[in-house]
Amino acid sequence: MTEEITYLPPTPTRVRKVTICSFAEAQREKTRIKNGFDLPNLVKKNRGELSYIGFMDDDQTDAVVVRPDGSFRIRLSSHTGALRDNFTIAHELGHFVLHWPLVRKNNPGCGMRATRKVDDTNEALRRCEWEANWFASSFLMPEKAFREAYRAGNAAEVFGVTRSAVEVRAKALGIHD
């Protein structure tokens, strides 16, 4: 007999962007990752697993599913490459470290499911997406090191992310060309 688990959406922290960015950089330091390619091992060390959505599946929505015991699975689209996947993994880890503790605290015995497909009219879920993006950007591309790599013109290579992610981060830091 299998137990029915209720999976709830993430709960936003509602803390300031700068607080999330500082937290993300501190987490990066703690984990000692060097770039996006270190993320699969980090996921595994924290009772997580990665899986790819079937190539022929209509729904290619990336997601994180957290079980009530805190183990989790990050689902990645089969239509993306490694650099894009690195940001997605960091984004989903953002949901895990920022939003899962709030869901768990307020709803014992439930799990959490966060997807990138969000109803634009749901302010709380939009906020969760912003928070996960802020976390991912700062976790993968810490400000000081990012500024140096951006000036040198090799940020995408240094951090294992797409050029698009680099441009978004540079714009957020006010150093976009």
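Worth a mention:
- Within the range 22-37, being at pLDDT below 95, assigned to a helix (DSSP H, G or I) and out of contact with any Leu (no Cβ under 7 Å at 6 or more places or on another chain) holds for one residue alone: F37.
- Selected residue (only one of A155, A114 is more than 18 Å from A26 (Cβ to Cβ), buried (at least 20 other Cβ atoms within 10 Å of the Cβ), in contact (Cβ under 8 Å) with a residue 12 or more places away in the chain and in contact with a Cys (Cβ under 8 Å, 6 or more places away or on another chain)): A114
- Candidate set from the range 146-176 (those that are of a type in the set (K, R) and within 22 Å of the chain's Cα centre (by Cα)); member that is farthest from G81 (Cα to Cα): R147
- Residue match in the range 61-70 (condition: touching a residue at least 60 places away in the same chain (Cβ under 8 Å), touching a helix residue (DSSP H, G or I) at 6+ places or on another chain (Cβ under 9 Å) and surrounded by fewer than 20 Cβ atoms within 10 Å (Cβ to Cβ)): yes
- Checking the stated criteria, G54 turns out not to satisfy the condition of being at pLDDT 95 or above, among the small types (G, A, S) and not in a helix (DSSP H, G or I).
- Test: residue in the range 34-46 that is under 23 Å from L173 (Cα atoms) and not polar (S, T, N, Q): yes
- Hits in the range 71-84 (condition: surrounded by 15 or more Cβ atoms within 10 Å (Cβ to Cβ) and either touching a residue at least 24 places away in the same chain (Cβ under 8 Å) or within 18 Å of W100 (Cβ to Cβ) (or both)): F72, R73, I74, R75, L76, S77, L83, R84
- Filtering the range 97-106 to residues that are out of contact with any strand residue (DSSP E or B) (no Cβ under 6 Å at 6 or more places or on another chain) and touching a residue at least 12 places away in the same chain (Cβ under 8 Å) leaves V97, L98, H99, L102, R104, N106.
- Members of the range 158-177 that are crowded, with 17+ Cβ neighbours inside 10 Å, assigned to a loop (DSSP other than H, G, I, E, B) and not β-branched (V, I, T): G160
- Residue selected from the range 1-21 under the condition free of Cβ contacts under 8 Å to residues at least 40 places away in the same chain and part of a helix (DSSP H, G or I), by the criterion surrounded by the most Cβ atoms within 10 Å (Cβ to Cβ): T19
The values are calculated or read from the model by the stated rules, or taken from the named source; none is laboratory data. Computed from a prediction, not measured in an experiment: that's the story for all the values here. Methodologically, a virtual Cβ is constructed for each residue, glycine included, from the backbone with ideal geometry; neighbour enumeration extends over all protein chains shown.
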